[in-house]
Structures are given as C-alpha cells and as structure tokens.
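The structure under discussion appears below in the form of structure tokens.
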Amino acid sequence: MNKTTKTTLAVIGGVDAALSIFTPIILAALWVIVNGLNDWTSYFFYGIGLVSTLFRAIKIGWLR
C-alpha cells in the first residue's frame with residue numbers, strides 16, 4: 001500500500017474508534033434532552049453511558 005492509502009485508513013480507523021467511544025455518551029445526552037433530569041432513569045442512563053464508554057476505551061486501548 002502507498003502512503004496515501006495508509007493515511008486514509010488510519011484516519012478512518014481513528015474516527016471509528018472515537019465514535020464508538022462517544023456513542024454511549026451521546027445517546028445518554030439525547031435521552032436527557034428528550035426527557036429531562038426528572039427521575040432516577042436519567043442518572044441511570046448517564047451511569048450506563050459512562051461505564052460503557054470506559055469499557056470501550058479500555059477495550060480499544062488494549063487492542064494491538
């Protein structure tokens with residue numbers, strides 16, 4: 001492969017990793033925008049989003 005192809009694939013891989021890490025946080029934020037911070041479920045979704053984000057970050061960090 002030439003340098004342009006490698007660079008393009010590296011950028012696409014980085015974008016994929018960033019989106020997979022931040023997707024749970026974005027979904028939890030959208031849930032709160034729609035429903036507000038009225039009940040325990042909003043905090044529950046924030047917690048799940050945080051734990052999922054940490055898990056995905058650790059998983060990506062340990063990949064080769």
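Just checking, how many residues over the range 1-17 are under 15 Å from the mean Cα position of the chain (by Cα) and either at pLDDT below 85 or of a type in the set (Asp, Glu) (or both)? The qualifying residues number 2.
For first residues located in the range 40-56 and assigned to a helix (DSSP H, G or I), partners that are among the small types (Gly, Ala, Ser) and lie 6+ apart or on another chain with Cβ distances below 6 Å form the pairs PHE45/ALA28; TYR46/ALA28; GLY49/ALA28; ARG56/SER20.
Which pairs turn up if I take residues in the range 1-30 that are in contact (Cβ under 8 Å) with a residue 60 or more places away in the chain and look for partners that are surrounded by 14 or more Cβ atoms within 10 Å (Cβ to Cβ) with beta carbon separation below 6 Å, at least 6 apart in sequence or on another chain? Here the result reads none, with nothing in the range 1-30 linked to a residue that is surrounded by 14 or more Cβ atoms within 10 Å (Cβ to Cβ).
Please state which one of ILE25, ILE21 is surrounded by 11 or more Cβ atoms within 10 Å (Cβ to Cβ) and in contact with a Lys or Arg (Cβ under 8 Å, 6 or more places away or on another chain).
Numbers: ILE25 fails: in contact with a Lys or Arg (Cβ under 8 Å, 6 or more places away or on another chain).
None of the others qualify; the one that does is ILE21.
Which residue is surrounded by the most Cβ atoms within 10 Å (Cβ to Cβ), if the candidates are limited to the range 1-18 and must be among the aliphatic types (A, V, I, L, M) and part of a helix (DSSP H, G or I)? Explain how you work it out, then say what you get.
Let us first name the residues in the range 1-18 that are among the aliphatic types (A, V, I, L, M), namely 1, 9-12, 15, 17-18.
When the remaining residues are screened for being part of a helix (DSSP H, G or I), the result is 9-12, 15, 17-18.
On the way: LEU9: 11, ALA10: 10, VAL11: 10, ILE12: 10, VAL15: 10, ALA17: 15, ALA18: 11.
Among those that are among the aliphatic types (A, V, I, L, M) and part of a helix (DSSP H, G or I), it is ALA17.
The values are calculated or read from the model by the stated rules, or taken from the named source; none is laboratory data. It should be emphasised that the depicted structure is a prediction, and the values quoted were computed from it without experimental measurement. With ideal geometry, Cβ positions are generated from the backbone for all residues, glycine too; neighbour counts draw on all protein chains shown.
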